[in-house]
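The values are calculated or read from the model by the stated rules, or taken from the named source; none is laboratory data. Predicted model, so just to flag it, every value in this text is computed and none were measured. Heads up, the Cβs are rebuilt from the backbone with ideal geometry, glycines too, and the neighbour counts pull from every protein chain shown.
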Amino acid sequence: MSSVRRPQAGGEEKSARWQAAIEAMGGPLYLRIVELLAQEVREGRLSPGAPLPSQRDMARQLGVNFTTVTRAYDEAKRIGLVQSRHGQGTFVAAEKGFARTVAEPAPEEGVREPIDLTSTWPPNLEIASTLAAAVARLTGDRSFDFLARRAGTVPALDLAAGRDWLQPRFDLEVGGRLAMASGARNALIGLLSSLVGTGGRLLVEAMCWPTMRTLATVLGIELVPVALDAEGILPDALDAAAQASQATVLYCVPTLQNPSGAVMGLRRRRALVEVARRRGLTLVEDDAYGGLHRDPPPLLGTLAPELTYSVFGLAKLISPSLRVAYVVAPDAEKAERLAEILRATMQTVPPLEAALATHLIRHGQMAKLIKQVRTEAQERQGLARQLLGEHAAHVPDEALFFWLPLPVPWDASDFAMRLRRAGVVVAPAKVFSLDPASAPNAVRIATGAVPSREDVTIALQRVRGLLAQNPSLLSVID
């Protein structure tokens, strides 16, 4: 269990009381802080609308890390306990009847279980049954040999299948440059630990996949934000950030960027590569969603093969249960070095999942499954354009999510909280921002993992209904 550091002498009485309270609780430290806030409100020591200390001040008062308080405040917002206001800070939520403990808040009366629009996993469709049938077939094909695998190496058959799947997207031969990992996260841990290392700096999109912050924390890496526009990373911003930080590695998602859905055009990609070459940068491109795009621009790994590690995971394309990723390195030597690091962290790709991926490729099912997901994504994104009208300007055709900028006077955290009370869960922009205080006033809405189009329709209708309201007229404070 995490421990709380004692605040320095001279701390206020409230700080000592708060610290004693969270030390007496069990569970993760950030959840104890949330429960502390809930307890203070229940017992009348914090009133609805009351301002909370800034995250830094709270960290100082409790003697805990800033990141722990950030996580606690984010959770408190998620359950509707607190809310943020642009330029004013964080306040106890004005609404009464928030969760009494750190748990899911009850939706409004008459609203069924919340529809979760926060996950970018692909829709299930009939994919689960297809995978089950494939498992049954491949066990016969291989006579269960893959279940007896002991060595830390990836079988040549699996690497060859990955090569066959990816080669059409590359100009140079992929073969000897390929490594396999137990999913994209495992691949990124291997890449970042070797290319950046503890204490190093990593250039990333200013609004990025939240897991990158987690990986950076685990690896002891400092993230350096690079500004974006509607097409992704700005080359001039990358140039300036690289010069100022002296970072030598960039991680980015050029196609269907998460959370914005931006697709970097060919001219922009060439400009980015030019900056990378001039600054001596190594590029790590995550093609998590690129396979869903009908006509994706050339990979950075094609435009600058000598600089780029291209990562291709299957979890976001086919199923979260298929934790297999392929990495195309700049050359065979670097691919082998990455393979050595991956062996040290996981020994080998899970044999069953690797065999399943190979089976899908060899029998032509991989392309069919991806096309199936793409078609469903297009239908669901079409529903968003139809139902949200003028608000749907940032809805890419084939993505599993879209970016929803909010009209004035809505605040993203307040919008997400009120929408949750209506039975729909979305992710506010600050979840993705490296600087939550300057996050854009927007939410990300993921349409992929919801069980059915009917659920997507219901959820988007509620989003549309809330957008039409004026938050200033919804206050319960006299």
Qualifying position, being within 23 Å of the chain's Cα centre (by Cα) and surrounded by fewer than 23 Cβ atoms within 10 Å (Cβ to Cβ), among 310, 319: 319
Qualifying positions in the range 166-180 - in contact (Cβ under 8 Å) with a residue 40 or more places away in the chain and either more than 16 Å from residue 361 (Cβ to Cβ) or in contact with an Asp or Glu (Cβ under 7 Å, 6 or more places away or on another chain) (or both): 171, 172, 176, 177, 179, 180
Selection status of residue 217, over 19 Å from the mean Cα position of the chain (by Cα), among the hydroxyl-bearing types (Ser, Thr, Tyr) and surrounded by fewer than 19 Cβ atoms within 10 Å (Cβ to Cβ): no
Qualifying residue in the range 314-336 (condition: touching a Leu at 6+ places or on another chain (Cβ under 6 Å), assigned to a loop (DSSP other than H, G, I, E, B) and farther than 21 Å from residue 189 by Cβ): yes
The range 181-204, residues that are small (Gly, Ala, Ser) and without any contact (Cβ under 8 Å) to a residue 60 or more places away in the chain: 197, 199, 200
Filtered residues of the range 81-90 (kept if surrounded by fewer than 17 Cβ atoms within 10 Å (Cβ to Cβ) and at pLDDT 75 or above): 88, 89
Helices (runs of 4 or more DSSP H) lying entirely in the range 220-310 (those with 3 or more residues that are closer than 20 Å to residue 184 by Cα and in the same structural domain as residue 178 (by the TED database)): 300-303
Residues being basic (Lys, Arg) and either under 21 Å from the mean Cα position of the chain (by Cα) or within 30 Å of residue 428 (Cβ to Cβ) (or both) - total across the range 162-209: 2
Extreme residue, surrounded by the fewest Cβ atoms within 10 Å (Cβ to Cβ), among residues of the range 1-18 that are modelled with pLDDT under 80 and assigned to a helix (DSSP H, G or I): 13
Any hit, the range 468-476, residues being in contact with a strand residue (DSSP E or B) (Cβ under 8 Å, 6 or more places away or on another chain), farther than 23 Å from residue 121 by Cα and modelled with pLDDT under 95: no
Residue satisfying condition, being touching a Lys or Arg at 6+ places or on another chain (Cβ under 9 Å), in the same structural domain as residue 308 (by the TED database), surrounded by fewer than 19 Cβ atoms within 10 Å (Cβ to Cβ) and small (Gly, Ala, Ser), within set 194, 182: 194
Close pairs from the range 248-265: first under 11 Å from residue 403 (Cα atoms) and touching a residue at least 12 places away in the same chain (Cβ under 8 Å), partner acidic (Asp, Glu) and surrounded by fewer than 24 Cβ atoms within 10 Å (Cβ to Cβ), Cβ under 7 Å, at least 6 apart: 262/231
Long-range neighbours under 7 Å by Cβ, at least six apart or interchain, first residue closer than 16 Å to residue 461 by Cβ within the range 413-425, second among the small types (Gly, Ala, Ser): 420/80; 421/80; 424/459
Test for residue 31: is it within 16 Å of residue 90 (Cα to Cα), in the same structural domain as residue 83 (by the TED database), hydrophobic (A, V, I, L, M, F, W, C) and surrounded by 15 or more Cβ atoms within 10 Å (Cβ to Cβ): no
Test result for residue 59, at pLDDT 80 or above and either within 25 Å of residue 221 (Cα to Cα) or among the hydrophobic types (A, V, I, L, M, F, W, C) (or both): yes
Counted residues, the range 426-478 - those being of a type in the set (Val, Ile, Thr) and free of Cβ contacts under 8 Å to residues at least 60 places away in the same chain: 1
Candidates 152, 176 - the one that is surrounded by fewer than 21 Cβ atoms within 10 Å (Cβ to Cβ), in a loop (DSSP other than H, G, I, E, B) and modelled with pLDDT under 95: 152
Number of the exception - residue 419 against (1) within 18 Å of residue 208 (Cα to Cα); (2) buried (at least 19 other Cβ atoms within 10 Å of the Cβ); (3) not acidic (Asp, Glu): (1)
Index of the failed condition, residue 459 passing every other in (1) modelled with pLDDT of 90 or more; (2) exposed (fewer than 15 other Cβ atoms within 10 Å of the Cβ); (3) small (Gly, Ala, Ser): (2)
Of residues in the range 351-400 being in contact (Cβ under 8 Å) with a residue 40 or more places away in the chain, within 23 Å of the chain's Cα centre (by Cα) and not in a helix (DSSP H, G or I), the one surrounded by the fewest Cβ atoms within 10 Å (Cβ to Cβ): 397
Some residue of the range 132-149 being in contact with a helix residue (DSSP H, G or I) (Cβ under 9 Å, 6 or more places away or on another chain), assigned by the TED database to the domain that holds residue 299, modelled with pLDDT under 75 and part of a loop (DSSP other than H, G, I, E, B): yes
